[in-house]
Amino acid sequence: MNQLIAVPKIQINFPQDGKIRSRKVVKRSNARNTGKYPSWKMQRMMQWESVHEGNAMRILDATPHVTFFNEQPCEIIYELNGVKHRHYPDFIVIEGKYREFWEVKTEADANSPEVAKRTDFLIETLPEYGYSYRMVLAEILAKQPRLDNVKRLNKLGRKPISRLEQERIRRLFNHSPIISWGVFEQDSPERLRNISRMVLEGKLSIDMNQPISPATSIFSNFNEKD
């Protein structure tokens, strides 16, 4: 009796020999718009090949529960309708034990038949290999005022805060759980930078769907154990 051997539906190849990306993004010969983004979370210069990917990097930097992300993380080889394909997802995003590949497209590109079929296949198949797959729309990444808020917070909050300063801020919010942005603007540039960093880390929060202004409320996320 012949034994059936299960053939993998997909093959995931990560970079070897200490390489960060599965393929090079920024090249001198590039005809398309590419660039670099200095991620404070990943502590390195990251490479994007569309402004939409650059927006994704900024948002991932400003998402507290995201612990790790990497561009062009791997090559996925898969067979669909008898045809072999190679796909390079734009990002891998890690939140604790949760691992997800992101592909960033405009809505029009995401809805093209070829891309839609690939997306449906990978959403269905990748969980068998310990990953999920997400199509992230460029139009959502560019939504305002969230994107401008993200840019501002990432610029202000790049530097880490000392434990002493974190404790000082924690005590302020223990006394007043909601404090306006304008209070810290009037205090000092350094205090505003520290507040921004704590928003990025999730220790404080603001309504990202409203423009940051002196009247913006900052909420404490500290609990009694902090």
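A few remarks follow.
- Considering the stretch 206-220, the residues that are surrounded by 14 or more Cβ atoms within 10 Å (Cβ to Cβ) and either modelled with pLDDT under 95 or of a type in the set (A, V, I, L, M) (or both) include one that is nearest to PHE184 (Cα to Cα), namely ILE218.
- Close pairs from the stretch 155-174: first under 24 Å from GLN43 (Cβ atoms), partner in a helix (DSSP H, G or I) and not aromatic (Phe, Trp, Tyr), Cβ under 6 Å, at least 6 apart: LEU156/ARG193; LEU156/SER196; GLY157/SER196; GLY157/ARG197; GLY157/LEU200; ILE161/ASN194; ILE161/ARG197; GLU165/ASN194
- Index of the failed condition, MET57 passing every other in (1) among the aliphatic types (A, V, I, L, M); (2) open to solvent by 10 Å² or more (accessible area, probe 1.4 Å); (3) out of contact with any helix residue (DSSP H, G or I) (no Cβ under 6 Å at 6 or more places or on another chain): (2)
- From the list ASP120, ASP207, the one residue that fits, being in a loop (DSSP other than H, G, I, E, B) and not hydroxyl-bearing (Ser, Thr, Tyr), is ASP207.
- Only listed residue being within 20 Å of ILE12 (Cβ to Cβ), of a type in the set (A, V, I, L, M) and assigned to a helix (DSSP H, G or I), chosen from VAL136, VAL115, VAL93: VAL115
- The set of residues from the stretch 182-205 being in contact with a Pro (Cβ under 9 Å, 6 or more places away or on another chain) and surrounded by fewer than 19 Cβ atoms within 10 Å (Cβ to Cβ) comprises GLY182, VAL183, GLU185, GLN186, GLU201, GLY202, SER205.
- Checking ILE76 against (1) open to solvent by less than 30 Å² (accessible area, probe 1.4 Å); (2) touching a helix residue (DSSP H, G or I) at 6+ places or on another chain (Cβ under 8 Å); (3) under 29 Å from GLY157 (Cβ atoms), the condition it does not meet: (3)
- For the stretch 96-112, residues that are assigned to a helix (DSSP H, G or I), out of contact with any strand residue (DSSP E or B) (no Cβ under 7 Å at 6 or more places or on another chain) and not hydrophobic (A, V, I, L, M, F, W, C) total 1.
- In the stretch 36-69, the residue that is farthest from the chain's Cα centre (by Cα) out of those that are within 18 Å of LEU200 (Cα to Cα) and among the polar types (S, T, N, Q) is GLN43.
- Restricting attention to the stretch 148-173, the residues that are among the hydroxyl-bearing types (Ser, Thr, Tyr) and either open to solvent by less than 50 Å² (accessible area, probe 1.4 Å) or assigned to a helix (DSSP H, G or I) (or both) total 0.
- Members of the stretch 79-106 found to be open to solvent by less than 60 Å² (accessible area, probe 1.4 Å) and either of a type in the set (Lys, Arg) or over 20 Å from ALA56 (Cα atoms) (or both), listed by number: LEU80, HIS85, LYS105
- Boolean, VAL66 is surrounded by 16 or more Cβ atoms within 10 Å (Cβ to Cβ), of a type outside the set (Gly, Ala, Ser), modelled with pLDDT of 95 or more and not in a strand (DSSP E or B): yes
The values are calculated or read from the model by the stated rules, or taken from the named source; none is laboratory data. Predicted, not measured: the structure shown is a model, and the values here were computed from it. We place every Cβ from the backbone using ideal geometry, glycine too, and count neighbours over all the protein chains shown. Surface areas here come from the heavy atoms of the whole protein model, side chains and all, with no ligands, DNA or RNA. Shrake-Rupley method; radii C 1.70, N 1.55, O 1.52, S 1.80 Å.
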